[in-house]
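S.K.: If you scroll down you'll find the structure; I have some questions about it.
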Amino acid sequence: MGVNLSPVWLSLETSVTATAITLAAGAAAAVWRANRRGIGPALLDGIFLLPLVLPPTVVGFILLLLFGRHGPIGRLLLHFGASVVFSWPATVIAAAVVSFPLMYLSVRAALEQLDRTLLQAARTLGASEWRVFRRVSLPLAWPGILAGTILAFARALGEFGATLMLAGSIPGKTETIPIAIYISVEAGEMRRAMAWSVMDVAISLAMVAGMYYWTHLQNPARAGLVRR
Amino acid sequence: MALEAHLEKRLGGFTLRTDFFCGEEALAILGPSGSGKSMTLRCIAGLEKPDRGRIVLNGRTLFDSEKRVNVPARQRGIGLLFQNYALFPHLNVTQNITFGMKAQAAAAREARAKQQIADMHLEGLEERLPRELSGGEQQRVALARALAIEPQALLLDEPLSALDTYLRSKVEQQVIAAMVQLRRPALYVTHNMEEAYRLGANILVLSNGKVEASGSREQIFRHPPSLEVALLTGLKNFSRARMISPGRVEALDWNCILACAADAGSEPKYAGIRAHHVRFAITAEEAQADNAFSCWLARMNEAPFHVTLYLRLHSAEGEGHHLQAEITNETWARIKGQPQPWRVLLPAEDLLLLKK
């Protein structure tokens, strides 16, 4: 049994990068969407949430169509001499897309639950919209944003279907832990599959424990904050 | 220093139309819930946009639908005190108070915050979060925060309604002191008529989005223009009425003829008398005077310092009561031993004659 740990690093790098992208995109989408009414935003919601309801293989297939050699984005990238399919960026794209809805939903819920009179009070006190967001909305929505981050990270770490479709299973390049487990089982190497599984459980538990510890240490008052 | 507003705003089936002027003396806006009081304040603070109208504060136009002026809330410089305080739960007392202070040296800001904290008797609470404060302390922090921006006007939206009676009168004194010290337009919204009287030199009565009455507080309470305003200012006793001759009015629901001032105006629709104006005849002469009637006690209610009597006129038989009288414990002690019927007196000078 080899000691090649590349799937571990690949999984971690992929999940961290995907979570960072999701945090920025999901939070931006949620800020834009929060407290906006109308048919347009509602339709967009459907697209935002699609990766959550579709089977990952379907998401992977759609991404393959978009990013493939003949797809609209794939062709654009080819112009610049780049190709993402079956490369490390593909694992990140797959993980980011499937984890996006979880981040988006959590942040949006947190923003919409904010007491509107607090935002109005800040405005009457002379605060610009940016200051209202930074000094009031963000700190108060923080628990929701953190919850979204944890969910998105967990989802990214466990991503399998879309990754296999878009990135394949190239050892040392796109072979994340879930894919390594699948390959091992297919090859009949049950001990190896077991080792990867234990590793995955350990990483997941460590991450969740770390996040939990951090949120409660960060600001005890905030962690215990009870909101109407 | 003055605030002048004419505004109109539709919300579903409800239309708000208000029109008022407020100088350096506080204006109380009195009305039942849903009358548009809070909406009026929100329009002035810039949190809601009126459909039509004009808002001018200390010579500066904040809103003008014709000239398409609509200054955003953050540039209006208006202190708004919310009913539920709206303190920032994640900021401590000092941070809440300094939130709106204009950019200036940190030292200067701190000094001003210290002053506000001292003025509002909040010393020792600087580091506390809002949820670690009592309701009265929270409202004082909110008041300090609104005053810290040196507002051009102060708007108070039922600021005492969430406090218990004991705290209420304490915080009320501080609110009054703050309004007097500010010497700028102050609007005080309430559904409590006594609060309106104590806090506003002038009163605007709103009902269903319309101005029912406006004027000095004495005028509003002494000469309410309509039954609705009279009821909002605490009138408990009224009867449909009909003028018989100058100085004589028939109270139809009370089944009696009332003498009233001859210049009481023409054609009143209602006659009324406030519960604390209802008296009991002391002398035999009083008992036979105009506006003295036989009455029987239907039921009563005792409070620590006064007694409320529910009285039937003319006969002990029948349902309910005609009059509600609020009398001191001393008066109660005097009359309670006497055999009924008692002689109740409705002094002509205290009668309210209402045209609508």
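S.K.: Of all residues being buried (at least 19 other Cβ atoms within 10 Å of the Cβ) and more than 9 Å from every other protein chain (Cβ to nearest Cβ) in region B:99-124, which is farthest from the chain's Cα centre (by Cα)? Just the residue, please. Break it down stepwise before answering.
M.R.: Here is the first cut: in region B:99-124, the residues buried (at least 19 other Cβ atoms within 10 Å of the Cβ) are B:99-101, B:113, B:116-117, B:120, B:122.
Cutting the leftovers down to more than 9 Å from every other protein chain (Cβ to nearest Cβ) gives us B:113, B:116-117, B:120, B:122.
Details: B:113: 31, B:116: 27, B:117: 28, B:120: 24, B:122: 28 Å.
Once the filter is applied, the top-ranked residue is B:113.
S.K.: Something else about it: Can you name every residue in region A:180-205 that is hydrophobic (A, V, I, L, M, F, W, C) and within 18 Å of the chain's Cα centre (by Cα)?
M.R.: Start the filter on region A:180-205 by keeping residues that are hydrophobic (A, V, I, L, M, F, W, C), which leaves A:180-181, A:183, A:185, A:187, A:190, A:193-196, A:198-199, A:201-203, A:205.
Matches in region A:180-205: A:203, A:205.
S.K.: Also, I was wondering about something else. Output the qualifying pairs, or none if there are none: Cβ atoms under 9 angstrom, residues six or more apart or on different chains, first residue in region B:339-356 and polar (S, T, N, Q), second residue surrounded by fewer than 22 Cβ atoms within 10 Å (Cβ to Cβ).
M.R.: Final answer for the pair search is B:340/B:294; B:340/B:296; B:340/B:297; B:340/B:316.
S.K.: Restrict the check to region A:158-167 and report whether at least one residue is within 13 Å of chain B (Cβ to nearest Cβ), buried (at least 18 other Cβ atoms within 10 Å of the Cβ), within 18 Å of the chain's Cα centre (by Cα) and in contact (Cβ under 8 Å) with a residue 40 or more places away in the chain.
M.R.: Just the residues of region A:158-167 that are within 13 Å of chain B (Cβ to nearest Cβ), to begin with: none.
No, region A:158-167 contains no residue that is within 13 Å of chain B (Cβ to nearest Cβ), buried (at least 18 other Cβ atoms within 10 Å of the Cβ), within 18 Å of the chain's Cα centre (by Cα) and in contact (Cβ under 8 Å) with a residue 40 or more places away in the chain.
S.K.: Kindly provide the set of residues from region A:123-137 that are assigned to a helix (DSSP H, G or I) and facing chain B (nearest Cβ under 7 Å), ordered by number.
M.R.: If we filter region A:123-137 for residues that are assigned to a helix (DSSP H, G or I), which is where we start, we get A:123-124, A:129-137.
Matches in region A:123-137: A:123, A:124, A:136.
S.K.: Turning to a different aspect of this structure: Quick check on my filter: what residues within region B:55-98 are over 30 Å from residue B:160 (Cβ atoms) and either crowded, with 19+ Cβ neighbours inside 10 Å or not small (Gly, Ala, Ser) (or both)? Lay out the reasoning, then the answer.
M.R.: Narrowing region B:55-98 to residues over 30 Å from residue B:160 (Cβ atoms): B:59, B:61, B:64-70.
Residues satisfying the conditions are B:61, B:64, B:66, B:67, B:68, B:69, B:70.
S.K.: Still on this structure, please answer the following. Kindly establish whether residue B:167 is part of a loop (DSSP other than H, G, I, E, B), surrounded by fewer than 20 Cβ atoms within 10 Å (Cβ to Cβ) and not aromatic (Phe, Trp, Tyr).
M.R.: No.
S.K.: With A:160, A:133, A:67 as the choices, which residue is within 25 Å of residue A:211 (Cα to Cα) and in contact with a Ser or Thr (Cβ under 9 Å, 6 or more places away or on another chain)? I'd like the intermediate steps shown before the answer.
M.R.: Details: A:133 fails: in contact with a Ser or Thr (Cβ under 9 Å, 6 or more places away or on another chain); A:67 fails: within 25 Å of residue A:211 (Cα to Cα).
Result: A:160 is the single residue among A:160, A:133, A:67 that is within 25 Å of residue A:211 (Cα to Cα) and in contact with a Ser or Thr (Cβ under 9 Å, 6 or more places away or on another chain).
S.K.: When the residues of region B:28-87 are narrowed to those that are facing chain A (nearest Cβ under 10 Å) and assigned to a strand (DSSP E or B), which ends up nearest to residue B:175 (Cα to Cα)?
M.R.: Residue satisfying both the conditions and the ranking: B:81.
S.K.: Another question, then. Counting just the residues of region B:181-192 that are of a type outside the set (Val, Ile, Thr) and either assigned by TED's automatic domain parsing to the domain that holds residue B:270 or surrounded by 21 or more Cβ atoms within 10 Å (Cβ to Cβ) (or both), which one comes out farthest from residue B:356 (Cα to Cα)?
M.R.: Looking at the filtered set, the residue picked out is B:184.
S.K.: Still on this model: Go through region B:300-331 and give me each residue that's closer than 13 Å to residue B:344 by Cα and assigned to a helix (DSSP H, G or I).
M.R.: B:331
The values are calculated or read from the model by the stated rules, or taken from the named source; none is laboratory data. Keep in mind it's a predicted model, so treat the numbers as computed, not measured. With ideal geometry, Cβ positions are generated from the backbone for all residues, glycine too; neighbour counts draw on all protein chains shown.
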